[in-house]
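The next block holds one structure in the form of structure tokens; read it before the comments.
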Amino acid sequence: MGKYYITTAIDYVNAKPHIGHAYEKVIADVLARWNRLNGNEVFYLTGTDENAQKNAQAAKEQGDDIQRFVDRNVRYFIELCKKLNLSNDYFIRTTEEKHIKISQNIFEKVLNKGDIYKGTYEGLYCQGCEAFITEKELVDGKCPEHNKEPKYVKEENYFFKMSKYEKEMLKLLEKPGFVFPDYRRKEMYNRVKEEGLKDLCVSRKGTDWGIELPNDKDYSIYVWFDALINYVSALDYPNGKLFKKFWPADVHLIGKGINWFHSVIWPTMLMSAEIKIPKQIVVHGYLTVDGQKISKSLGNVIDPVELVEKYGADTLRYVLIRDIPFGEDGDFSEKALIERINSELANGLGNLVSRSLGMTEKYFDEKIPKGVNLIKFDLSKFEEHFEKLELHSALSEIWRYINECNKFIDEKKPWVLAKENSKELSDVIYSALDSIRIISILVNPFIPETSEKINDKLGVKLGNYKDTKINLLKSGIKTNKGDNLFNRVE
């Protein structure tokens, strides 16, 4: 058994979660469940970034106490995790006492090493990014992420000697693998090569919200310096059992807008603190509506909880993965979701399960017949797609298998074989049922609730990926056709 540690970015709680948050968490859940199916011990982390000034600003605008505001809003993110049927092992909040102490501990460690000093910063600051940005990054004078002009600030602060680690960062980013997809790695490499690494402001002065600097009570820790530390504080760095077992992270899953923070700033922080570098930063694209990034600041938010309550968690999970090639931006629409329900979930998988169990009930008294699985399907392409994180293509392969099974039933015509008293009927029905068992394993990372329902109908427990071999379904087990897996939506 190997280990697999996967994290999502942690979310600001200045507003309710939108479908972009759901997208990232579902991808992480698919990868976590896939690794469990392959026998790995998994730790899946998600959570909320609560020390940001944008949270404090949102609370102030609503005339609310900051802590009360944060405590209330964080519940929406916890609810989202439950609604999406995520298998996360921990939900971290950066206002947790242990995170505060560990952030201060790492800050002090970097300070004592001589990598933090006091100085003055002059430049542009984007409130939405909670980050200082350069003129070169602006598009028409505005931050490309938030479509707003940054403010010019000049203030005395503490700085991290990020420039000290420029050569090490270039070496890390030189070879494929550390950042995926590879063009995202090249973007980071080229930026470091062209611009060099500048020292990073790591404090805020005169704020009443955030983590206090261990060496200076007039300052708090800059939000990104504290936020990134959640990946190790959740594991009880430095001596916790979880840290010793799961660190370094196998995958930090993030959106493309925060690639620099994770692929450059975070590794340099770890180098300074003498903590191992994560194995891989995996970068996904954005969901869009009419070609625009979905975001709270742009006001085109889609509520994922409403969609789950209307269509079910598995339906939303399926469409988010099916419609968007990993790494690319993808447009989301409710119309496309309904089309997928009708054509693939109801007519494809739902129909296969319903008709197979219906015939088992009719011809074999609801018991799995003795037989041999005649449906041969090569899973090598599915595995290849999954390993390359081509998750939409992996789903396509599963549905190719489902279509093969439906085609097999149509061609064999078990309703005719039953009239002829053919011995082949047992093999045909067994083939369908054993294939459905295999399909329940394949779809489990994507649509886990449906996977469980299929296994309940078959009267079996979910297998591991090694159980996707044919002829493992035992005869004589009582089945239960029950309700449809999916109903068509008009």
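Within segment 264-279, the set of residues being buried (at least 19 other Cβ atoms within 10 Å of the Cβ) and under 17 Å from the mean Cα position of the chain (by Cα) comprises PRO278 only.
If I ask for residues that are acidic (Asp, Glu) and over 27 Å from ASN480 (Cβ atoms), which ones from segment 366-410 would you list? Hits for segment 366-410 are ASP378, GLU383, GLU384, GLU387, GLU390, GLU397. For segment 397-433, filtered to residues that are polar (S, T, N, Q) and without any contact (Cβ under 8 Å) to a residue 40 or more places away in the chain, the residue that is surrounded by the fewest Cβ atoms within 10 Å (Cβ to Cβ) is ASN421.
If a residue has to be over 23 Å from the mean Cα position of the chain (by Cα) and buried (at least 20 other Cβ atoms within 10 Å of the Cβ) to count, how many in segment 434-459 make the cut? Residues that pass the stated criteria total 8.
Pairs meeting the criteria (first residue in segment 143-163 and within 29 Å of GLN292 (Cα to Cα), second residue at pLDDT 90 or above and in a helix (DSSP H, G or I), beta carbons under 8 Å, at least 6 apart or on different chains) are GLU145/GLY257. The set of residues from segment 367-399 being charged (D, E, K, R) and not in a helix (DSSP H, G or I) comprises LYS367, LYS370, LYS376, ASP378, LYS388, GLU390.
Among the residues of segment 7-18, the ones that are more than 11 Å from GLY255 (Cβ to Cβ) and either modelled with pLDDT of 95 or more or in contact with a strand residue (DSSP E or B) (Cβ under 6 Å, 6 or more places away or on another chain) (or both) come to 4 in all. The number of residues in segment 224-246 that are part of a helix (DSSP H, G or I) and more than 19 Å from ASN51 (Cβ to Cβ) comes to 6.
For ASN73, the conditions (1) at pLDDT below 95; (2) crowded, with 20+ Cβ neighbours inside 10 Å; (3) more than 26 Å from ILE281 (Cα to Cα) are fulfilled apart from (1). Among the candidates LEU337, LEU349, LEU320, the residue that is closer than 30 Å to PHE178 by Cβ, in contact with a helix residue (DSSP H, G or I) (Cβ under 6 Å, 6 or more places away or on another chain) and among the hydrophobic types (A, V, I, L, M, F, W, C) is uniquely LEU320. Among the helices (runs of 4 or more DSSP H) confined to segment 15-120, the ones with at least 1 residues that are among the aromatic types (Phe, Trp, Tyr) and over 26 Å from GLU390 (Cβ atoms) are located at 66-83, 97-112. Could you say whether any residue in segment 383-392 is aromatic (Phe, Trp, Tyr) and surrounded by 20 or more Cβ atoms within 10 Å (Cβ to Cβ)? The answer is yes; a qualifying residue exists.
Please tell me if GLY327 is within 28 Å of the chain's Cα centre (by Cα), at positive phi and of a type outside the set (Lys, Arg). Spelling it out, GLY327 is indeed within 28 Å of the chain's Cα centre (by Cα), at positive phi and of a type outside the set (Lys, Arg).
The values are calculated or read from the model by the stated rules, or taken from the named source; none is laboratory data. Since we're looking at a predicted model, the values are computed, not measured. All Cβ positions, even for glycine, are placed from backbone atoms using ideal geometry, and neighbour counts span all protein chains on display.
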